[in-house]
Amino acid sequence: MAVVQQIAEKILAERASPQFLTRSLLDIAAAMLAGGATSEAAKLRAHLVDDAWSASVPDRVALAVATTRLSEVDDIHLTSCTTPGSIVVPVALIAGAQLGASPEVMSRAIAAGYRIIMRLGRAVDGPRILYRGVWPTYLLAPVGAAVTASVLFGGNGADVAKAMALGLNQISGGAGGHVAGLGPRWWLVGQAAAAGVRAARAIADGFAADVSLLDGDWLQRVHGLAFDRDVALSDADVDMGALSLKPICAAKQTIAAVDGFRQFLAEGVDPTAIESVRIGVPKDYVAMIGSGGGVASRMGRMTSVAYQCALAAYEPALLTDVERVDRSQDPRIAALMTKISVEHDSALDAVFPRRWPARVHLRAGATARTIEVVEALGDPGRPLENEAFQRKFMALAAPIAGKEGAERLFAAGERALSDAAALRGFQAGILTHRPL
């Protein structure tokens with residue numbers, strides 16, 4: 001049996017915990033709402049669905065995936081360095097609503113989509129290839145979307161394997177660097193997911209696909225990517241309990257450091273008394289979060305750990321602001337940022353990529369202390385408790401749907417994967433508040 005077929009059998013046979021599926025559905029739906037309300041999303045919407053010639057299900061999927069991913073509050077699977085929810089849940093919500101999928105089919109589709117992205121992301125060593133210019137989520141978006149949609153179309157194991165293969169035919173992991181202006185990054189990942197949905201539709205309509213793609217060295221020859229088939233077929237670390245949920249809007253690489261810094265603030269450290277903050281991290285992301293490119297762009301404001309820590313000190317409510325307004329000219333924030341540096345801490349290299357840690361060294365007057373954060377808030381070892389999880393949902397959804405509307409959405413989402421009426425209400429609520 002071909003490797004693609006073996007993987008298809010595995011991801012269809014595996015069942016995910018209803019609790020984790022529901023959490024993922026709610027968490028990503030909130031990211032869809034918040035990301036869809038940004039100024040960047042408005043430009044994507046005008047391009048993708050507000051034109052008379054662009055309004056198909058794949059176009060709507062492209063917009064939903066793009067705006068969910070740009071939110072930077074979506075979930076992340078650390079050992080594959082992928083954000084599977086940003087691909088899978090928008091596909092399930094939009095295509096599932098179009099097809100009238102039942103809660104049981106929706107659950108199977110979401111679980112299969114997550115699992116294929118996590119498995120393949122680990123098999124191509126996502127955490128390492130990221131730093132050589134391959135974006136693992138973009139790479140695997142066509143495959144994750146194809147598998148999710150194939151299950152929604154009612155595909156059996158053979159259909160899902162072919163959809164996976166046709167999705168593989170459309171991969172391209174190189175999104176290029178961040179550019180000024182209306183950059184293509186989010187547009188690209190949305191189009192990749194739309195291509196996966198079209199692949200699943202093609203298989204459902206009788207097209208064939210080469211399911212032997214992963215049996216040899218195709219990924220290496222065509223895309224320069226080593227593929228570990230044993231890892232792809234392993235059951236280790238592909239459960240949805242391995243996901244990390246972000247408590248704030250920021251690149252995941254910054255979150256352990258922000259967590260440690262906020263612990264200092266909670267202990268009563270006066271930000272104005274801080275003399276220096278040295279943040280040690282694994283070598284892989286020193287340059288990324290050190291923000292050598294500055295914070296003039298929205299992306300820079302999400303990847304700069306100095307900016308996150310300064311917000312935590314002086315504008316903590318903005319840590320969940322998905323628009324990511326620029327506060328870098330605030331004298332207090334600008335001054336504190338100059339005191340924060342990022343360095344390689346070799347002792348943390350062994351922990352990565354199972355965890356994305358940080359060691360925060362703070363000096364303030366007579367105080368010189370260090371806090372090490374290996375499990376950041378939201379990681380598998382420190383999950384968001386129910387109250388914190390609901391607070392995150394409300395912080396993201398209430399500005400768009402209103403407090404009562406967000407509460408109704410949360411209540412419907414809690415039942416959506418077990419009750420057909422609740423699912424329809426949840427889909428309608430999410431998609432109504434995002435004009436897709």
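Scan the range 107-117 and tell me whether some residue there is charged (D, E, K, R) and surrounded by 24 or more Cβ atoms within 10 Å (Cβ to Cβ). Yes. The numbered conditions (1) over 30 Å from LEU63 (Cβ atoms); (2) open to solvent by less than 20 Å² (accessible area, probe 1.4 Å) are all true for ARG369 except (2). If the condition is being over 14 Å from PRO380 (Cβ atoms) and either in contact with a Phe, Trp or Tyr (Cβ under 8 Å, 6 or more places away or on another chain) or in a loop (DSSP other than H, G, I, E, B) (or both), then the range 248-258 contributes ILE248, CYS249, ALA250, ALA251, GLN253. Look at (1) open to solvent by less than 30 Å² (accessible area, probe 1.4 Å); (2) part of a helix (DSSP H, G or I); (3) modelled with pLDDT of 95 or more; (4) not acidic (Asp, Glu) and you find that GLY429 fails only one, number (3). Exactly one residue out of ALA232, ALA204, ALA226 is in contact (Cβ under 8 Å) with a residue 40 or more places away in the chain, surrounded by fewer than 18 Cβ atoms within 10 Å (Cβ to Cβ) and within 14 Å of LEU120 (Cβ to Cβ), and it is ALA226. Selection within the range 353-391: residues that are among the acidic types (Asp, Glu) and over 17 Å from THR254 (Cα atoms). The member of this set that is farthest from the chain's Cα centre (by Cα) is GLU387. Candidates are the residues of the range 11-20 that are outside any helix (DSSP H, G or I) and of a type in the set (Gly, Ala, Ser); the one that is farthest from MET118 (Cα to Cα) is SER17. Tell me, please, whether a residue that is of a type in the set (A, V, I, L, M, F, W, C), in a loop (DSSP other than H, G, I, E, B) and surrounded by 16 or more Cβ atoms within 10 Å (Cβ to Cβ) can be found in the range 375-383. Yes, because at least one residue in the range 375-383 is of a type in the set (A, V, I, L, M, F, W, C), in a loop (DSSP other than H, G, I, E, B) and surrounded by 16 or more Cβ atoms within 10 Å (Cβ to Cβ). Residue count for the range 403-417, restricted to those that are farther than 15 Å from LEU93 by Cβ and surrounded by 23 or more Cβ atoms within 10 Å (Cβ to Cβ): 1.
Residues checked against (1) touching a helix residue (DSSP H, G or I) at 6+ places or on another chain (Cβ under 7 Å); (2) crowded, with 24+ Cβ neighbours inside 10 Å; (3) more than 27 Å from VAL4 (Cβ to Cβ):
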site: LEU63; (1), (2), (3): yes, yes, yes
site: LEU70; (1), (2), (3): yes, yes, yes
site: THR83; (1), (2), (3): yes, yes, no
site: LEU93; (1), (2), (3): yes, yes, no
site: VAL105; (1), (2), (3): yes, no, no
site: ILE129; (1), (2), (3): yes, no, no
site: PRO136; (1), (2), (3): yes, yes, no
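For the range 282-314, filtered to residues that are farther than 11 Å from ALA257 by Cβ and aromatic (Phe, Trp, Tyr), the residue that is most open to solvent (accessible area, probe 1.4 Å) is TYR314. Scanning the range 63-85 for residues that are of a type in the set (Ser, Thr, Tyr) and closer than 20 Å to VAL147 by Cα yields THR68, SER80, THR82, THR83. Out of ALA31, ALA8, one residue alone is in contact (Cβ under 8 Å) with a residue 24 or more places away in the chain, closer than 19 Å to GLY196 by Cα and assigned to a helix (DSSP H, G or I). It is ALA8.
The values are calculated or read from the model by the stated rules, or taken from the named source; none is laboratory data. Just so it is clear, the model here is predicted, and its values are computed rather than measured. For neighbour counting, all protein chains shown are included, and Cβ atoms are generated from backbone atoms with ideal geometry for every residue, glycine included. Note: accessible area is taken over every heavy atom of the protein model, side chains too, but ligands, DNA and RNA are not part of it. Shrake-Rupley method; radii C 1.70, N 1.55, O 1.52, S 1.80 Å.
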